1. For segment A:79-126, enumerate the residues that are within 12 Å of another protein chain (Cβ to nearest Cβ), over 17 Å from A:V18 (Cβ atoms) and among the aliphatic types (A, V, I, L, M).
2. Looking at segment B:100-128 only, could you name the residues that are without any contact (Cβ under 8 Å) to a residue 60 or more places away in the chain, part of a strand (DSSP E or B) and not hydrophobic (A, V, I, L, M, F, W, C)?
3. If only one of C:D112, C:D53 is over 16 Å from C:Y10 (Cα atoms) and among the acidic types (D, E), which one is it?
4. Working only within segment C:109-136, note down all residues that are of a type in the set (S, T, Y) and either in contact with a Phe, Trp or Tyr (Cβ under 9 Å, 6 or more places away or on another chain) or surrounded by 14 or more Cβ atoms within 10 Å (Cβ to Cβ) (or both).
5. Quick one: in segment D:39-67, which of the residues that are among the polar types (S, T, N, Q) and part of a loop (DSSP other than H, G, I, E, B) is farthest from the other protein chains (Cβ to nearest Cβ)?
6. Contact list please: Cβ distance under 7 Å, first residue in segment D:5-31 and within 15 Å of D:A72 (Cβ to Cβ), second residue of a type in the set (D, E), pairs at least six apart or on different chains.
7. Name, by its number, the condition in (1) in contact (Cβ under 8 Å) with a residue 40 or more places away in the chain; (2) part of a strand (DSSP E or B); (3) open to solvent by 20 Å² or more (accessible area, probe 1.4 Å) that does not hold for B:R97.
8. Say whether the condition of being closer than 21 Å to D:R128 by Cβ and either crowded, with 21+ Cβ neighbours inside 10 Å or in contact (Cβ under 8 Å) with a residue 40 or more places away in the chain (or both) is met by at least one residue in segment C:48-62.
There are 4 protein chains.
Amino acid sequence: MKQQQPYSGYQALLGWVVREQKPTQVTIELPLTEHHLNRSDHVHGGVLASLLDTAMSFAGLYSPDPKVVRKAVTLSMTTTFVSPAREGTLTAIGRVRGGGRKTFMSSGEVFDDNGTLVAFGEGTFRLRSGSENETP
Amino acid sequence: MKQQQPYSGYQALLGWVVREQKPTQVTIELPLTEHHLNRSDHVHGGVLASLLDTAMSFAGLYSPDPKVVRKAVTLSMTTTFVSPAREGTLTAIGRVRGGGRKTFMSSGEVFDDNGTLVAFGEGTFRLRSGSENETP
Amino acid sequence: MKQQQPYSGYQALLGWVVREQKPTQVTIELPLTEHHLNRSDHVHGGVLASLLDTAMSFAGLYSPDPKVVRKAVTLSMTTTFVSPAREGTLTAIGRVRGGGRKTFMSSGEVFDDNGTLVAFGEGTFRLRSGSENETP
Amino acid sequence: MKQQQPYSGYQALLGWVVREQKPTQVTIELPLTEHHLNRSDHVHGGVLASLLDTAMSFAGLYSPDPKVVRKAVTLSMTTTFVSPAREGTLTAIGRVRGGGRKTFMSSGEVFDDNGTLVAFGEGTFRLRSGSENETP
């Protein structure tokens, strides 16, 4: 499956890949390198927050027409850190949990190669003008 | 002032600099490049969360002896996004708001070059073994 | 100063009082009773979250005309708990930190009688139809 | 099933009931009255945060011996509001998602009578002295 969203400078910097994009759920993956680690050689909290923000946002931006690119602004997000990670590939799954024409709410989880929960979070998003949902 | 904490791979990747480190407050700066931007050419939410996590954590890790490096684990953090940014230098300030021997709580703010509030957040942190606070 | 907002059933149940309502800042107070305590005889986290939600929301609902009642919906909120409280009067202060015509973001703090920070939080709010801000 | 935790003043005030308490999951219910409503006659955000805080905390406090009461302190919590509710009975489910000997992290959801998701959240908790987990 191809990524519906165009690439951004930050995606290129961090290196995540969109693996699957369904109507209300998105899976992205990040192959870890030493550039994702903090001073304790664990994945930096900011990396995990970045993956969650991306997966939770993209989850609400599915478009049946791949030529139509939809965008949203993150209003707020949270991250709870459960287990440290340092190598392999991280998988982040974002799911839409509710919303209306102009806003949506998502939850997200990040897992390591063993399926261990590394972090989870939630976010609220506002759809940009032209990207609104049809059904409230 | 020199940075008390050793550099990490993620700091090298994102490019922030520790500007000031006081007993319960830390200021870091990030000169923005196109690699910090999302698909709408605004600073990615994950960059702002990364700056807040770092500033809020470092705020609780001051050491009067520069040879002593203290470390903490982020338990949870939040970010509220107020205003988009896309160029110049971001300044993130983290402040300790409370805590005890093994945990502390911080709040943080990110400003752009004009002093406009870009994002703010809060976090809870656990001090690593050997880095505990002396006074409860 | 009179409270601009009409009383609700939940305000009657918990017992807070609006002490001051300024254009972007609101102060409310709660005289503590045993009904606000948890099993450890400290103020329940839900009480603190309730005060923060109320103060942060009201902070964005000031009206120069006291006959005009404005309303908002909370999209998300967070609470960080700093210090336990159990008696006296709690004071919660909510401040608007940003926003536009239809949404606003606030931060809030709760203090005890000694001025000790008990909890702090942040929230995002959507103004109800008819309550929008004039200036984006 | 009987509630393992002793009743608190706040539980008596709000009126929730512990419906089920399993090793890492707790279900509580709240029959709604007008005292749980805000000025728009919807359930106040503070009520939903209170239910989530309680369910997420209790989820980590299971004891195989009903005579042993375990306690925790909430370090931080978040709530995302999805859908308004105003009548019937709310059901809040808290689940432990990770943790160690002294802390744990939970997520929680609140549903209305129709099974519609009303709110969800996450929290970090510190076990009180004497209530620590045996296995890290």
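The values are calculated or read from the model by the stated rules, or taken from the named source; none is laboratory data. Everything numeric in this text was worked out from a predicted model, so none of it was measured. Please note: Cβ atoms are built from the backbone with ideal geometry, for glycine as well, and neighbour counts cover all protein chains shown. What goes into the accessible areas is simple: the full protein's heavy atoms, side chains included, and nothing from ligands, DNA or RNA. Shrake-Rupley method; radii C 1.70, N 1.55, O 1.52, S 1.80 Å.
1. Listed by number, the residues that qualify are A:V82, A:M105, A:L117, A:V118, A:A119.
2. Step one: of segment B:100-128, the residues without any contact (Cβ under 8 Å) to a residue 60 or more places away in the chain are B:100-109, B:111-117, B:124, B:126, B:128.
Adding the requirement that they be part of a strand (DSSP E or B) leaves B:103-109, B:111, B:117, B:124, B:126.
Answer for segment B:100-128, where residues must be without any contact (Cβ under 8 Å) to a residue 60 or more places away in the chain, part of a strand (DSSP E or B) and not hydrophobic (A, V, I, L, M, F, W, C): B:T103, B:S106, B:S107, B:G108, B:E109, B:T124, B:R126.
3. Working: C:D53 fails: over 16 Å from C:Y10 (Cα atoms).
The match here is C:D112.
4. Looking only at segment C:109-136, we keep the residues that are of a type in the set (S, T, Y), and these are C:116, C:124, C:129, C:131, C:135.
Correct list: C:T124, C:S131.
5. Step one: of segment D:39-67, the residues among the polar types (S, T, N, Q) are D:40, D:50, D:54, D:57, D:63.
Those still in the list that are part of a loop (DSSP other than H, G, I, E, B) too: D:40, D:63.
Details: D:S40: 6, D:S63: 13 Å.
Ranking the candidates gives D:S63 first.
6. D:V26/D:E20
7. Of the numbered conditions (1) in contact (Cβ under 8 Å) with a residue 40 or more places away in the chain; (2) part of a strand (DSSP E or B); (3) open to solvent by 20 Å² or more (accessible area, probe 1.4 Å), the odd one out for B:R97 is (1).
8. Step one: list which residues in segment C:48-62 are closer than 21 Å to D:R128 by Cβ, which gives C:48-49.
The next check asks that each one be either crowded, with 21+ Cβ neighbours inside 10 Å or in contact (Cβ under 8 Å) with a residue 40 or more places away in the chain (or both); those that pass are C:48-49.
Yes; the residues of segment C:48-62 include at least one that is closer than 21 Å to D:R128 by Cβ and either crowded, with 21+ Cβ neighbours inside 10 Å or in contact (Cβ under 8 Å) with a residue 40 or more places away in the chain (or both).
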